[in-house]
Structures are given as C-alpha cells and as structure tokens.
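J.: I have a structure here, written as structure tokens, and I will follow up with some questions on it.
The values are calculated or read from the model by the stated rules, or taken from the named source; none is laboratory data. These figures come from a predicted structure and were not determined experimentally. We place every Cβ from the backbone using ideal geometry, glycine too, and count neighbours over all the protein chains shown.
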Amino acid sequence: MRDLTSRQRQVLDFIVSSHQAQGVPPSLREIAGHFNFCSMTAAADHVRALRRKGFLEGQPRQARSLRSTSPLQRLRRPIADIPLYGTIPAGFAADRRQEPAGCVSIDVESLGIKPTARTFALEVRGESMIGRHIMDGDLVVLEHGVTPRPGDVVAALIDNESTLKTFAIENGRPFLRAENPLFPKLFPAGELVIQGVMIALVRKRK
C-alpha cells in the first residue's frame, strides 16, 4: 500500500476512533466539520484516496459503510481528544486568559492516564521548567480539581497571573517553584489558585 499524506492519516485516524467510540463510522459531514473543511467534497476526496490506497473499504458515497482494512489500525490503541486551552507561561507569571485552541489527540495507554471531563492541555511557553524536562513548545496534560501535593507540576493563578511551576510548601506556606535557577520562587501576595495538576507531557516533533 502506498504511503499516506499527513492529512490522510489524520482522516483515517478520525474515522477509526469515531467508529470505535460511536459504533458507526462518521458521516462525510462529520469528517468535514471535524477538520474544518470548506465542503463535504474535500472530505469525500480524502475518503476516496484512502479507499484507493487500500486503507478503507465500503460502499462508494456512503461514509457510514466505511471500515478500516489496515492491520495497524486494527491494533490501534484507544485515542482520546484532550481540549487544548492555549498557552501557559513557564517563565514569569503573565496576566492573560486562556482561550480554546482545538484539541490534542493522545494514546492514553502509552501515557498511562485515564482522561476525564476535567482533563485539559496547555502549550508551554518559556524555560523556567527545564529542570523537569518541560521545554518551550511542549504540551502539558493536566487534571482540574485535583489537590496538589508538594512536588507536583501545576498550572496556577498566582495573584491573578497564570504560570506553570512546581507546587511546594515552605514553613507551612504554599508557593510556586521554578525548575531553573534563573527564575525566583513565587509566593502569593494574596491568592494562589491551582487550575490543574500535570498528569502527562507531550513533546511536539520539531
């Protein structure tokens, strides 16, 4: 079988994961909506290419009849779509609001996590967490509503400014610690709100 383009692989993954989750493959309208295609024609073109290359089979013009023929896809592990809420500074805290920016699809078995309705992801900006091997451009997967323990990496609002740091306690007082000696400890002057505790890290391919 010929190689797939990046987009064709994404479409195939979406068809397979939707089939696994819902019991039926997605319609052309659902495929077009998921990838923000301008029309269902673009979705149909990708489906035709996947059929032509031998990765899908089913009745022509009937997306609901599609099924994967790839052995690799039949062995595919469960994939979860985690909402991505923009970026978070891993540097000095910044006054900013998080805006939805799509989602990130992850292999939950490989990462060893069980996503819930409170699981979300943020893209890291900055180098204050390099001591924990969290680099600029990485995606951190976090769980909202979890009580942090000392040593946990957290997304937090400290005096209404957001940042990614290690949660710590000193003399009974909670604070945020950078994992880079160039950055200071952050003690809240007023409020420290934990937005999420990190449960996984995803590194983007450069």
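J.: All but one of (1) surrounded by fewer than 16 Cβ atoms within 10 Å (Cβ to Cβ); (2) part of a helix (DSSP H, G or I); (3) modelled with pLDDT of 80 or more hold for Leu12, so report the exception by its number.
T.: The failed condition is (1).
J.: Could you tell me whether the range 145-157 includes any residue that is buried (at least 18 other Cβ atoms within 10 Å of the Cβ) and closer than 29 Å to Ser17 by Cα?
T.: No.
J.: Tell me, which residue of the range 81-131 that is modelled with pLDDT of 90 or more and of a type in the set (Lys, Arg) is surrounded by the fewest Cβ atoms within 10 Å (Cβ to Cβ)?
T.: That would be Arg118.
J.: If you check Leu139 against the conditions, is it of a type in the set (A, V, I, L, M), under 29 Å from Leu111 (Cβ atoms) and in contact with an Asp or Glu (Cβ under 7 Å, 6 or more places away or on another chain)?
T.: yes
J.: Another question about this same structure. Mind checking which strands (runs of 3 or more DSSP E) fall wholly inside the range 104-181 and carry at least 1 residues that are of a type outside the set (Val, Ile, Thr) and without any contact (Cβ under 8 Å) to a residue 40 or more places away in the chain?
T.: Details: elements: 119-125, 139-143, 153-158, 161-170, 173-177.
Once the strands (runs of 3 or more DSSP E) in the range 104-181 are filtered for at least 1 residues that are of a type outside the set (Val, Ile, Thr) and without any contact (Cβ under 8 Å) to a residue 40 or more places away in the chain, what remains is 119-125, 153-158, 161-170, 173-177.
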